[in-house]
Amino acid sequence: MAIDWYLIVSALIFCIGAGGVLVRRNPLVILLCLELMLNAANLALIAFARMHGNSDGQIFALIVLVVAACEVTVGLGLIVAIFRRRLPVDVDELRELQG
Amino acid sequence: MSAVIFFIAAIGAVAGAIGVVALRNPFYSVLALVGHLLSLAALFLLLRAEFVAAAQVVVYAGAVMVLYLFVVSYIGGGARPLTPGGSSLRAVAGFAMLALFVELAIAVLGSSLKAVSGDGAPFVPGFGTPEQIGEALLTKFLFPFEVASLLLLVAAVGAVVLARRRGGTTLEDEIRDSAHWITPRSLFSGTMAEAVGAVRPPHEHGDPGTAATDENELGRPVVTPAGREEQGGW
């Protein structure tokens, strides 16, 4: 398959993830949608690595994997802290920092 | 053959992504993301990224998703309505999504890169194997590798700090507010929390006649159960 097919799939997944971040209210699902966007970026990186025949893009994808794992850890810790304080697990009602 | 595998995996990946966004129960969203990640690993294999595909399946679809499932079952994610403001916000979000996709498609297909529509560089044996990845990580990309390990350490410490029991919610508050769903039995009927002294029946410290005077004769302040519990939790 040509490389541009992979890039189109990557763009599609990225857009679905971005739409999920806009539409959903549950912070857990918003984290999942962020994962989708990071995975789309990973797919594009690996497709370009294949196009150039250079494995640097795969290293970049691995680092993105690590960053995504960190984001998941901190995000889930935040959600557990929200739940412990019996605040609503809903991003529309958590607007104290908005001023 | 590779085209067939590509289309199956691509449809699986896109369907998994749509499932993450569209399913109401967060539990099913996580399961859809697992399917999405497995399809994406197949795409990575087609692009000859063997090690990244294996890492994706083991680390992502295995470990990270289990962490998600733990948190979903901890906070008990029930089905919630999808949109706060009815269909108007959904329409705006859909329009933004579509605009973004058109823009990205124009950027990809209209780029002046000729190789984009080709099959890529000729395959070199050893491309994407763990051997090559490991060598690159420990020679050319040593600094990003170390920074990534430091980032993981910081994230682990941050998660422990964030999710620990706070000073703001004392144990007594939690027991009082959550007793109706933590303990199936009513309080002060011989529960385990009583056995370890975490909760006391009201008559033990509610009688000021006998207990309070004993301690006041010794010249000490009356120790209330609330004060005792703030010093030592579970």
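Between A:Leu65, A:Leu34, A:Leu87, find the one with the highest GNM mean-square fluctuation for chain A; connect C-alpha pairs within less than 10 Å.
Fluctuation is largest for A:Leu87.
Pop a pseudo-label 7 angstrom from the Cα along the beta-carbon direction at both A:Val67 and B:Leu142 and give the gap in nm to one decimal.
With each label point 7 Å from Cα toward Cβ, the separation is 2.3 nm.
Under a Cβ-Cβ cut-off of 13 Å, what is the net charge of the residues other than B:Gly134 that fall near it, where Lys and Arg count +1 and Asp and Glu count -1?
Neighbour charge sum, excluding B:Gly134 itself: -2.
If you take each beta carbon of peptide B:14-25 and count the beta carbons of other chains within 10 angstrom, what is the mean?
Working: counts 4, 0, 4, 16, 6, 1, 10, 13, 4, 1, 3, 2.
Counting other chains' Cβ atoms within 10 Å and averaging over B:14-25 gives 5.
Averaged over its residues, how many other protein chain Cβ atoms are within 10 Å of peptide B:53-60's Cβ atoms?
Numbers: counts 2, 0, 5, 5, 0, 0, 5, 8.
Averaged over the peptide's residues, the number is 3.
Assign unit charges at the C-beta atoms only (+1 for Lys and Arg, -1 for Asp and Glu), then state the dipole size of chain A relative to its Cα centre in Debye, rounded to the nearest 20.
Computed about the Cα centre, the dipole is about 280 debye.
May I ask for the angle, rounded to the nearest 10°, between helix A:56-84 and the longest principal axis of chain A, with both axes built from Cα atoms and the value confined to 0 to 90°?
Around 10 degrees separate the two axes.
Give me the orientation-averaged projected area of the Cα convex hull of chain A, in nm², one decimal.
Averaged projected area of chain A's Cα convex hull equals 7.2 nm².
Taking only the alpha carbons of region B:33-72, what extent do you get along each of the three principal axes, in Å, biggest first?
Result, largest extent first: 34, 15, 6 Å.
Taking the alpha-carbon centroid of each part, what is the distance from region B:107-167 to region B:1-77 in angstrom?
18
What is the packing order of peptides B:95-106, A:52-63, A:75-86, taking the mean over residues of other C-beta atoms within 10 Å and listing the highest first? The partial results should precede the final answer.
Details: B:95-106: 14.3, A:52-63: 20.1, A:75-86: 18.0.
Going from most to least packed, we get A:52-63, A:75-86, B:95-106.
Readers should treat all values here as calculations from the given coordinates under stated rules, not as data from a laboratory. In this text, all values refer to a predicted model and were calculated from it rather than measured experimentally. Positions of Cβ are backbone-derived with ideal geometry, glycine not excepted, and every protein chain shown enters the neighbour counts.
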